[in-house]
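The values are calculated or read from the model by the stated rules, or taken from the named source; none is laboratory data. Quick caveat: nothing in here was measured; it's all calculated off a predicted structure. Note that we place each Cβ from the backbone using ideal geometry, even for glycine, and neighbour counts take in every protein chain shown. For accessibility, only protein heavy atoms count, side chains too; no ligands or nucleic acids. Shrake-Rupley method; radii C 1.70, N 1.55, O 1.52, S 1.80 Å.
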There are 2 protein chains.
Amino acid sequence: MVAVKGSLGAWILSIGNELLIGRVVNTNASWIARKLTFLGIGVRRIIVVPDTIDDIVNEIKRGLQDSRIKIIITTGGLGPTYDDITLEAVSKATNRKLVLYESALEEIRKKYEQANMEMTKEREKMACLPQGSIPLPNPVGIAPGSWLDANGKIVVSLPGVPREMEAIFEGYVMERIKGTSSMVVVECGFKVVGIPESSIAPALEEADKKFAGIYIKSHPKGHETKGPILEIKVLASGSNREEALNKAKGALNLVRERTKDLEGKASEEYCD
Amino acid sequence: MVAVKGSLGAWILSIGNELLIGRVVNTNASWIARKLTFLGIGVRRIIVVPDTIDDIVNEIKRGLQDSRIKIIITTGGLGPTYDDITLEAVSKATNRKLVLYESALEEIRKKYEQANMEMTKEREKMACLPQGSIPLPNPVGIAPGSWLDANGKIVVSLPGVPREMEAIFEGYVMERIKGTSSMVVVECGFKVVGIPESSIAPALEEADKKFAGIYIKSHPKGHETKGPILEIKVLASGSNREEALNKAKGALNLVRERTKDLEGKASEEYCD
């Protein structure tokens, strides 16, 4: 994990039976992982847990006890239904009370009022957050998110509906996290045609050993022996963009040399 | 988790940094989760771990120690590159040696020979499996999978390339697992227009309490107050299809009644 060396680590906890029965693909986790990676935060685990209180509490506690981890981000389980129990679990795991936030309640009440709907206990539940947490406004849905500083770690809870999760993350989480890491991360790559993954493997190992703070990987797109196509991608971190780019390009150049030796074709390189 | 009540549990362990940096969406896990669910196996966790030996070993051990778990399925890390270390980790976690399987080596050698390629140590590595495991042929790629019976539990290791994983699962894993569960699982659902999720919530809770061995859930597709659309889905298990269908339809009928009371529109129901 490139970004982890000397920097902060994170866990993503995806909550919901719908993920465990394979009804929903966990695009939320990869979206968040990508954002965190480029913020200089290394994701160490993505864990999908069922909507049962003990499972959620146990995994949060485990994350909080891991010395490499600074941030846990949960998704799902913030809504009005009986099995939406994420914030109850965060409260238990951090030994806090779940309390009704008047400000959050007011926001929720307003949204229902605009639609001529009254408050019910299911709707009120969405305003109950772990004591001490900061409610994160939900610009596209109802349930607010939650940011909790707990014993030097951070637990962020976001809804499971992708557009709500993304809006809260981009609007209220990104800026707060930016301040915690000073790393710059870049990604570069090129395509190689005509060389099996097993032949290029030693070059990747060599590059990994030569450049600190990179993550280089071959992604097979064709067939190992019948028409091999490889996407070579490198992620590199540094204290500024130039340093990161130099590492990434250095690693790719080494692989490019070996590609020539093996008589394969390499495409132009690209960087994000 | 519907399928878990009284039945077998599984963990899916997805191995690979590319998942943790958000480069690849974990479609393998949801594909396997769906298959296991309909085989009557309840998935209790999906865990994504980096390509580091300690992380993989620790999570496998944790799964093996969980009394609710019978099967651990790993994906990724079976290839020829230096960071493909899954089978080394499975060996360590189960206190076995990693041994060269002559039969697997022969298959691999044949595939490279057909392409006029020689064996190298990177290619040979793919024939090293935990002692006592059964190699699972890879009909579309090179690296074989592995089936290991270890202390009354099963550890299945599959490649990370989706079409290779799917081919091995369907060709060699499915039949073996079928024998371990006698449950039948069905899924039914309908669409509800005009009722917010928070209003239908009590009906879902009621259905969940009334019918044992079901998992019922509302999936919001519209906006809670501005044009709510809900997909109501129920997963039900039984000792035969009729019993499972009866439960699923009973639960949906209860929700349908409440939908009428709340003056919402429900579509025809469908079952898989």
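Some notes on this structure:
- Across chain A: Cys residues that no other cysteine approaches within a C-beta distance under 4.7 Å: A:Cys128
- Estimated from helical segments only, the mean residue ellipticity of chain A at 222 nm is -11000 deg cm²/dmol, where each DSSP H run of four or more residues counts as -39500 (n - 2.57).
- Of B:Ala143, B:Ala201, B:Ala236, the one that fluctuates the most in a GNM where chain B has Cα springs shorter than 10 Å: B:Ala201
- Bridging of B:Lys153 to lysines at a Cα separation below 20 Å is possible for B:Lys5, B:Lys35, B:Lys61, B:Lys70, B:Lys92, B:Lys97, B:Lys178, once same-chain residues fewer than 8 apart are set aside.
- Taken along the Cα-to-beta-carbon direction at a fixed 7 Å, the label points for A:Thr180 and B:Ile134 span 4.6 nm.
- In summary, the lysines within cross-link reach of A:Lys111, defined as a Cα separation below 16 angstrom excluding same-chain residues under 8 places away, comprise A:Lys121, A:Lys125, B:Lys226.
- Cα principal axis extents for chain A, largest first, Å: 71, 37, 34
- Buried on assembly, segment A:174-216 (at least 30 Å² less accessible surface than by itself, 1.4 Å probe): A:Glu197, A:Ser198, A:Ala201, A:Glu205, A:Tyr215
- Hz values of 3J(HN,Hα) by residue in segment A:68-73 - Karplus curve (6.51, -1.76, 1.60), Gly and Pro given as x: 7, 9, 10, 10, 10, 10
- Neighbourhood charge, 12 Å Cβ-Cβ cut-off, centred on B:Pro228 and excluding it, Lys, Arg +1 and Asp, Glu -1: +1
- Quarter of the Cα convex hull surface for the protein assembly as shown, i.e. its orientation-mean projected area (nm²): 24.9
- In plain terms, the chain from B:Glu124 to B:Asn253 could stretch by 40.6 nm, reckoned as 0.36 nm per residue minus the Cα-Cα distance.
- Chain B, relative contact order [Cα under 8 Å, separation at least 6], %: 17
- Candidates B:Trp31, B:Trp11, B:Trp147: whichever shows maximal mean-square fluctuation once chain B is modelled as a Gaussian network with Cα springs under 10 Å: B:Trp31
- Surrounding net charge for A:Leu98, when Lys and Arg each add one and Asp and Glu each subtract one, Cβ distance under 9 Å: +2
- When all protein chains stay in place and ligands, DNA and RNA are ignored, the 1.4 Å accessible-area order of B:Glu205, A:Glu102, A:Glu268, A:Glu164, largest first, is A:Glu268, A:Glu102, B:Glu205, A:Glu164.
- Inter-probe distance in nm under a simple model that places probes 7 Å from Cα toward Cβ, at B:Thr27 and B:Ser67: 4.0
- Maximal additional length on extending the B:Val99-B:Ile229 stretch stands at 41.3 nm, based on 0.36 nm per residue less the C-alpha distance.
- Calculated label separations, B:Glu102, copies of the chain, 7 Å along the beta-carbon direction, nm: 8.1
- Label geometry 7 Å along the beta-carbon vector: A:Asn151 inter-copy distances in nm: 2.8
- Residues A:Glu106 and B:Asn246, FRET efficiency given R0 of 56 Å [Cβ-Cβ distance, rounded to 0.05]: 0.80
- Scattering profile of segment A:184-271 at q = 0.10, 0.22, 0.26 Å⁻¹ [log10 I(q)/I(0), Debye over alpha-carbon scatterers]: -0.22, -0.97, -1.27
- When nucleic acids and ligands are ignored and a 1.4 Å probe is applied, A:Arg62 ends up with an accessible area of around 60 Å².
- Other residues with beta-carbon under 13 Å from the beta-carbon of A:Ile69 carry, at +1 per Lys or Arg and -1 per Asp or Glu, a net charge of +4.
- The distance separating the Cα centre of segment B:208-272 from that of segment B:60-99 comes to 38 Å.
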